[in-house]
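Chemist: My questions all concern the structure below.
The values are calculated or read from the model by the stated rules, or taken from the named source; none is laboratory data. Since the model is a prediction, treat every value here as computed from it, not as a measurement. Every residue, glycine as well, gets a Cβ built from its backbone with ideal geometry; the counts of neighbours run over all protein chains shown. Only protein heavy atoms, including side chains, enter the accessible area calculation; ligands, DNA and RNA are left aside. Shrake-Rupley method; radii C 1.70, N 1.55, O 1.52, S 1.80 Å.
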Protein chains: 2
Amino acid sequence: MSTLAQGKADLERASTAQKVADMLRERVLDGELAPGLRLSEEAIGGALGVSRNTLREAFRLLTRDRLLVHEHSRGVFVRRPSGDDVRDLYAARRVIECGALRLWNDVTEAQREAVRAPVRQAVARAEKNDWTRAGQANIQFHRAIVGLARSTRLSDESDRLFAELMLAFRVAQEINDFYQTYVPWNRRIVELLNNGAVDQAVDQLLEYFDAAEQDLVGRLEAE
Amino acid sequence: MSTLAQGKADLERASTAQKVADMLRERVLDGELAPGLRLSEEAIGGALGVSRNTLREAFRLLTRDRLLVHEHSRGVFVRRPSGDDVRDLYAARRVIECGALRLWNDVTEAQREAVRAPVRQAVARAEKNDWTRAGQANIQFHRAIVGLARSTRLSDESDRLFAELMLAFRVAQEINDFYQTYVPWNRRIVELLNNGAVDQAVDQLLEYFDAAEQDLVGRLEAE
DNA sequence: ATCGTGGGATTGTTGAACGATTCTACGATA
DNA sequence: TATCGTAGAATCGTTCAACAATCCCACGAT
């Protein structure tokens, strides 16, 4: 059964543009292509061995994901989120994640466990000072919160928001610093949820967003 | 001042692909291009006088907006939303709009008025049996609710959800029928908001979503 | 120091080309 | 008669080459 699904996934393999977009997405998210950098069609296309047309399709995909920005007749650039972008981003997250978290009592146990597990993982990794992977667990935590809503459209959009936020973190050079404070915060949220105090958990999540936004915006607008 | 902004908007005019995409979007939304229809690259490109490459970029844009679906080596088709799509759509709307509506007491008076006005408009148009434009006012109502969050990202995504929902309405041939029931519903919601009963307004909104989803899914899965 | 004004580089769009994939219709086989 | 397989037509995926439009930069004029 799973082999069938696997085979189908292979059959419906991505187009060249899709594959190029995936590769570029990784490079952007891991910082190899720094925010603000201009991506030359000729240089990238030559390096990857694809034609300009195909490359431009890949650019369109990433532009739609807000990882790249397109300026007419000037080219595409790796996005450099501004303070206003971050405020916009957190306004969206507040609505989506708090709204989804309020569904806590209406969802399956499997969904609830998907929220708890990443927090345990983040705690364990934080104790080992593995902040990179602790950060990944944090994202999983928030993805699972959105997942409570059971809407692929909402989850997909949230993934785009998370990716954009990663860029903002990079610009603010805040990859590891801030992660130390959110771990206990998430722990508290899960604790409140387990005690049935959903409203208080939502309040905690809101406070977390306030703190994170303020910190990030501050660093972004400092320069 | 506004003329300057207007001029700037004109200067930063869309690319050819963007303009083609806008034109096709209209045709899809007003039903001229029916759900399920296949869009031939050659036919459309020839009729519009643009090259295949440019047209394909336009298709990509609309695919990203979920108005078209792309099938490898088969072409692009006007999306035909399924019952599952509608369920997914409403799950997202529940989270977004209810979450945004809870901000009622934290926003400016101008934002609140932007929510009330479309309802008055819808009532007036409904009395004149102008259901098409009453439906447009309804969408404005829901757009304004999302606007309470003050996030362009959230508003943009919601616009995509609304557009997709319009397609579902078309498939269900429910353009005008259902509109008669939501007008009084929206009226009640605004009344509750004006009385400061935000939580009850959210509950009413949820019930409205339940009813609308059930009705739409029922018609969609009937065929 | 500011303001044209070029040349050079890059993007925007087109058209043609060819392999790969899908669709269609026809005929073979049971 | 119904199913299956196959050849041919139509369409898509991708590349390449070309040229106009636009932007960037440096140089010189005022």
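Chemist: Filter segment A:30-64 down to the residues that are among the β-branched types (Val, Ile, Thr) and either open to solvent by 60 Å² or more (accessible area, probe 1.4 Å) or within 13 Å of DNA strand D (Cβ to nearest atom) (or both) and list them by number.
Modeler: Selection gives A:ILE44, A:VAL50, A:THR54.
The rows are residues; the columns are (1) buried (at least 17 other Cβ atoms within 10 Å of the Cβ); (2) outside any helix (DSSP H, G or I).
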{"residue": "B:VAL20", "(1), (2)": "yes, no"}
{"residue": "B:ARG66", "(1), (2)": "yes, yes"}
{"residue": "B:ARG80", "(1), (2)": "no, yes"}
{"residue": "B:ASP85", "(1), (2)": "yes, no"}
{"residue": "B:GLU97", "(1), (2)": "yes, no"}
{"residue": "B:ALA117", "(1), (2)": "no, no"}
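Chemist: With the checklist (1) more than 9 Å from DNA strand C (Cβ to nearest atom); (2) among the small types (Gly, Ala, Ser); (3) not in a helix (DSSP H, G or I) in hand, flag the one item B:SER73 doesn't pass.
Modeler: (1)
Chemist: What's the number of the condition A:LEU167 fails, among (1) farther than 24 Å from B:ASP159 by Cβ; (2) within 18 Å of the chain's Cα centre (by Cα); (3) of a type in the set (A, V, I, L, M)?
Modeler: That leaves (1) as the condition not met.
Chemist: Can you tell me which residue within segment B:158-195, out of those that are within 13 Å of another protein chain (Cβ to nearest Cβ) and free of Cβ contacts under 8 Å to residues at least 40 places away in the same chain, is surrounded by the fewest Cβ atoms within 10 Å (Cβ to Cβ)?
Modeler: Looking at residues that are within 13 Å of another protein chain (Cβ to nearest Cβ) and free of Cβ contacts under 8 Å to residues at least 40 places away in the same chain, I get B:ASP159.
Chemist: Please verify whether A:GLU207 is in contact with a Ser or Thr (Cβ under 9 Å, 6 or more places away or on another chain), open to solvent by 50 Å² or more (accessible area, probe 1.4 Å) and over 22 Å from A:GLN136 (Cβ atoms), treating the condition exactly as stated.
Modeler: no
Chemist: Now for a separate question. Residue check: is A:ARG93 more than 30 Å from A:THR16 (Cβ to Cβ), open to solvent by less than 20 Å² (accessible area, probe 1.4 Å), modelled with pLDDT of 95 or more and within 16 Å of the chain's Cα centre (by Cα)?
Modeler: Taking the combined requirement at face value, the residue satisfies it.
Chemist: Any residue in segment A:56-72 that's at the interface with chain B (Cβ under 9 Å from one of its Cβ atoms) and over 16 Å from A:ILE44 (Cα atoms): show its pairings with residues that are charged (D, E, K, R) and open to solvent by 50 Å² or more (accessible area, probe 1.4 Å) at Cβ separation under 6 Å, as long as the two are six or more apart or on different chains.
Modeler: From residues that are at the interface with chain B (Cβ under 9 Å from one of its Cβ atoms) and over 16 Å from A:ILE44 (Cα atoms), the pairs are A:ARG64/B:ARG64.
Chemist: Further question on the same structure: Is it the case that some residue within segment A:126-133 is touching a residue at least 12 places away in the same chain (Cβ under 8 Å) and surrounded by 20 or more Cβ atoms within 10 Å (Cβ to Cβ)?
Modeler: yes
Chemist: Quick one: B:THR132 ticks every box in (1) out of contact with any Asp or Glu (no Cβ under 6 Å at 6 or more places or on another chain); (2) at negative phi; (3) within 14 Å of chain A (Cβ to nearest Cβ) bar one, so which box is it?
Modeler: Failed condition: (3).
Chemist: Hey, any hits in segment A:148-156 for a residue that's surrounded by fewer than 22 Cβ atoms within 10 Å (Cβ to Cβ), touching a residue at least 40 places away in the same chain (Cβ under 8 Å), more than 30 Å from A:GLY36 (Cα to Cα) and not small (Gly, Ala, Ser)?
Modeler: Taking every residue of segment A:148-156 in turn, at least one turns out to be surrounded by fewer than 22 Cβ atoms within 10 Å (Cβ to Cβ), touching a residue at least 40 places away in the same chain (Cβ under 8 Å), more than 30 Å from A:GLY36 (Cα to Cα) and not small (Gly, Ala, Ser).
Chemist: Condition test on B:ARG102, is it in contact with a Leu (Cβ under 8 Å, 6 or more places away or on another chain), within 14 Å of chain A (Cβ to nearest Cβ), open to solvent by 10 Å² or more (accessible area, probe 1.4 Å) and basic (Lys, Arg)?
Modeler: So B:ARG102 does not fit the description; no.
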